[in-house]
Amino acid sequence: MMTLWIVIAVMLLMTIIILLWPLAIYKHDQKGVQIVSQKQENINIFQERLAELENERDQDNLDASTFQQLKTELEKTLLGDVQLKEALKRNTNSRVTIQHWFIMGIITAVLVLASLATYNHLGASEQYAQYLALADVPEAEHSTSTAPDFATAVQALKAKLAENPEDMEKWFLLANSYAAMGDFKQAADVYNQIAGLLGEEKTGYAAAKAAYAQMMYQVAGENMLPVAQQAINEALRVDPEEPTALILLGLKAYQEQSYAEAIAAWEKAKAKAGKAQITNFIDPAIQEARRQSGEPVTEQVVQESAEVTSTASIKIYLDISPALRAKVSGEARIFVFAKAGMPMPLAAERLQVQDLPMTLVLDDSKAAMPTAKMSSAKYVDITARVALSGSPKATKGDFYATAKQVPVHEGKELTLVIDQIVE
């Protein structure tokens with residue numbers, strides 16, 4: 001943040017200088033006016049000196065040649081003074097005009113707008129946190145791929161946290177990076193550590209506890225372990241409207257076929273949930289729970305839902321590079337999944353290396369959970385990973401390919417070639 005304030009301070013200083021510049025010129029011109037006002041006084045002195053010379057000549061104290069010589073010198077002196085004053089007068093006439101004020105106004109406006117643009121870019125907390133996380137990473141390491149280099153970001157964050165262990169923003173970013181990598185156990189450990197560092201009295205404790213519960217829910221294969229339930233209870237005790245905790249509470253109720261409880265929890269989660277959470281998960285989950293509970297749904301809602309579902313389809317031609325195929329058994333598992341913001345996939349498919357090349361389709365029929373379907377999202381990130389360990393969680397050495405921000409409702413067809421290695 002220090003860099004941001006330095007840039008703003010420099011821009012404000014430049015603005016102040018530009019605003020004071022006309023005043024400085026005006027004062028300078030006033031001095032010129034004072035000098036020009038001496039012109040008449042110099043003429044008066046000239047006339048007095050000339051009268052004295054003429055008086056001396058009339059009294060025969062000066063001969064004609066001497067009088068003429070002194071008069072010529074006196075005239076030269078006056079002429080020099082007049083020329084100087086005329087130059088100063090011309091300089092005075094070039095004082096600040098409306099055009100100058102207009103130009104300076106434009107420059108000032110540009111500087112102010114540049115300051116606002118800089119603040120808007122660097123001042124946004126999420127973007128600035130990502131900027132700090134990758135600030136020490138050489139550009140060549142993360143500019144050659146459209147996918148974020150989370151492994152590199154994790155190392156950079158650890159280094160920064162070693163220098164400043166109290167930077168909670170970077171702790172959260174570290175946990176989010178682990179979650180994005182699919183390393184839910186590491187993410188859970190970091191979230192739990194964040195909650196311990198904050199304590200119940202500080203903002204963020206409930207969110208950290210809820211995120212810890214979410215990661216443990218993923219670690220258990222989307223089953224609610226006692227430790228996750230306890231974390232949910234602690235989060236809701238501190239903040240009864242914590243959205244992630246309420247979403248998990250609703251998921252548990254849904255799995256137990258307690259649809260009314262699930263709907264109540266998800267409706268309550270809307271109070272603080274983000275727009276993406278509501279659009280991509282909560283509203284579709286509530287609709288699904290109502291269907292399961294037998295609540296009447298209007299024909300319009302059914303038709304709209306059917307239309308959305310029918311367009312939610314992505315066809316993928318999947319293959320693996322010859323170099324990587326030679327390094328792995330044909331029976332090695334491949335996980336293909338689509339995600340949209342949350343760790344749990346909206347659609348998933350399992351196959352083996354020996355099945356490649358092949359064409360597959362991700363749609364609502366491949367939903368990992370009935371409450372989280374691909375049709376609820378506008379864009380998804382597609383990942384295909386050869387899991388050498390056999391686990392859906394990414395591990396070092398796995399082979400993968402990814403496509404970011406793939407439109408869900410445009411009948412998209414894409415080609416993925418697994419040719420990268422998880423570092």
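Annotations for the structure displayed:
- Qualifying residue in region 324-338 (condition: surrounded by fewer than 17 Cβ atoms within 10 Å (Cβ to Cβ) and within 28 Å of the chain's Cα centre (by Cα)): no
- The residues in region 167-197 that are part of a loop (DSSP other than H, G, I, E, B), of a type in the set (D, E) and more than 22 Å from the chain's Cα centre (by Cα) can be counted, and the count is 1.
- Any hit, region 345-359, residues being buried (at least 17 other Cβ atoms within 10 Å of the Cβ) and modelled with pLDDT of 90 or more: yes
- Residue check: A394 meets all listed conditions (1) at pLDDT 85 or above; (2) under 26 Å from A151 (Cβ atoms) but one, namely (1).
- Yes/no for E423 being in contact (Cβ under 8 Å) with a residue 12 or more places away in the chain, surrounded by fewer than 17 Cβ atoms within 10 Å (Cβ to Cβ) and over 29 Å from the mean Cα position of the chain (by Cα): no
- Look at region 39-51: where a residue is of a type in the set (F, W, Y) and a partner is at pLDDT below 75, sitting 6+ places away or on another chain with Cβ atoms under 8 Å, you get F46/L74; F46/E75; F46/T77; F46/L78.
- If you go through region 198-251 and pick out every residue that is in contact (Cβ under 8 Å) with a residue 60 or more places away in the chain and within 31 Å of the chain's Cα centre (by Cα), you end up with 3.
- Scanning region 291-314 finds one or more residues that are under 34 Å from the mean Cα position of the chain (by Cα) and at pLDDT 85 or above.
- From the list A235, A265, the lone residue that is part of a helix (DSSP H, G or I) and in contact with a Gly (Cβ under 8 Å, 6 or more places away or on another chain) is A265.
- Number of the exception - E201 against (1) part of a helix (DSSP H, G or I); (2) out of contact with any Phe, Trp or Tyr (no Cβ under 7 Å at 6 or more places or on another chain): (1)
The values are calculated or read from the model by the stated rules, or taken from the named source; none is laboratory data. Computed from a predicted structure; not experimentally measured. All Cβ positions, even for glycine, are placed from backbone atoms using ideal geometry, and neighbour counts span all protein chains on display.
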